[in-house]
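Enquirer: First, the structure itself, so that you have it in front of you.
Bear in mind that the values in this text are calculations on the coordinates, not laboratory data. Since we're looking at a predicted model, the values are computed, not measured. Quick reminder, even Gly has a Cβ in these numbers, built from the backbone with ideal geometry, and neighbours come from all protein chains shown.
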Amino acid sequence: MTLPQAPGTEDLPFGRLLTAMVTPFDESGAVDHGAAAKLAAHLVDEQHNDGLVINGTTGESPTTTDDEKAALVRTVVDAVGDRAQVVAGVGTFSTAHTVDLATQATAAGADGLLVVTPYYSKPPQSGLLAHFTEVAERTELPIILYDIPHRSGVPIAEDTLVELAAHERIVAVKDAKGDLISSGRVMARTAEAGHRLAYYSGEDALTLSLMAVGGAGLIGTSTHFTGALAAEMMSAFAAGDHGRALELHRRLLPVLTGVFAAQGCILVKAGLSLQGMPVGGLRLPLVPATAAERDTFAAALASAGLLPGR
């Protein structure tokens, strides 16, 4: 299915704005599919997301089973798949398991895959190249590489990224490396080689900076709350209205950074509850926000005009 995209995003594989969606749980701790469908619709229809990433770290993927992951993708596809891209997080530290998750996500109706650098084992660059290539060879879906060395333990080197970009199904990067010079070099090299990687910021507060060196957009966490304004910020920048883009960046900055004062999904779930859209608790080892964390994040939301009544 070819989905409509926001103006100015026709050349981007997944549009400009995606949210890494939290996974709602019910009182028993099971995945709450009704709440997931409602949240997905809110993020697409009210927060102007071009797509959603399901089963990422913000979705507590380390604690959900493979069956739960597949069922959640189906729920979100049913809820918003006619008007937004649904990207499934499938990356693990096992290549074989990642391929299995990619296969089941495809069967569940996903439009693309997010594949994180294998974590903890810290493979060499030759291992990363073999891992990502194997996954790409075993799927029909476009792939976003997730480069997040402060969690995985190893970065994807520039030369590795350039080589991977030559694969027809490796089309984008979620960039949480925090090295704009390196990211700019990779974008330039892959564009020159004729197989440009679309770079999506994986650090919400660096979105505008990444776009200034060629970035495509944002795969966000704070965008559970800031999505509509973040979309406006990026559209303004793409249209050349840099003053408006900077104004919005500065307005949103307390939320873009504040959501990471604790693990992202902890404060997203706290913030959604503050906005009257509770999505349940968290699975251990994650725990709910403290009263102090909740109050601090509430103040950040209020300062950006994102918490009615405050």
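Enquirer: Order 229-237, 244-252 from most to least packed using the mean count of other Cβ atoms within 10 Å.
Expert: Ranking, from highest mean packing down: 229-237, 244-252.
Enquirer: How do 181, 143 rank when sorted from fewest to most other Cβ atoms within 10 Å of their own Cβ?
Expert: In order of increasing Cβ crowding within 10 Å: 181, 143.
Enquirer: Residue 94 versus residue 191, label points 7 Å from Cα toward the beta carbon: distance in nm?
Expert: 4.1
Enquirer: Can you bin region 109-223 into rounded, prolate or oblate? Criterion: square roots of the alpha carbon gyration tensor eigenvalues sorted a ≥ b ≥ c, rounded for a/c under 1.5, prolate for a/b above b/c, oblate for the rest.
Expert: On the way: a/c = 1.30, a/b = 1.22, b/c = 1.06.
Taking the square roots of the gyration eigenvalues as a ≥ b ≥ c, region 109-223 is rounded.
Enquirer: Could you order peptides 218-224, 70-76 by the average number of other Cβ atoms within 10 Å of their residues, highest first?
Expert: Final packing ranking: 218-224, 70-76.
Enquirer: If you don't mind, another one. Tell me which label goes with the value of Rg/Rh (Cα atoms, Kirkwood Rh) computed from the coordinates here: (i) 0.94; (ii) 1.12; (iii) 1.05.
Expert: Among (i) 0.94; (ii) 1.12; (iii) 1.05, the one derived from this structure is (i).
Enquirer: With r as the distance between the Cβ atoms of residue 157 and residue 247 and R0 = 45 Å, compute the FRET efficiency 1/(1 + (r/R0)^6) and round to 0.05.
Expert: E between residue 247 and residue 157, to the nearest 0.05, is 0.80.
Enquirer: While we're here: Within 15 Å, Cβ to Cβ, of residue 158, how many net charges do the neighbouring residues add up to if Lys/Arg are +1 and Asp/Glu are -1?
Expert: -2
Enquirer: Number of Lys pairs in the chain with C-alpha atoms less than 24 angstrom apart, excluding same-chain neighbours closer than eight positions?
Expert: Values: 38/69; 38/269; 69/174; 69/269; 122/174; 122/177; 174/269.
Count of close lysine pairs: 7.
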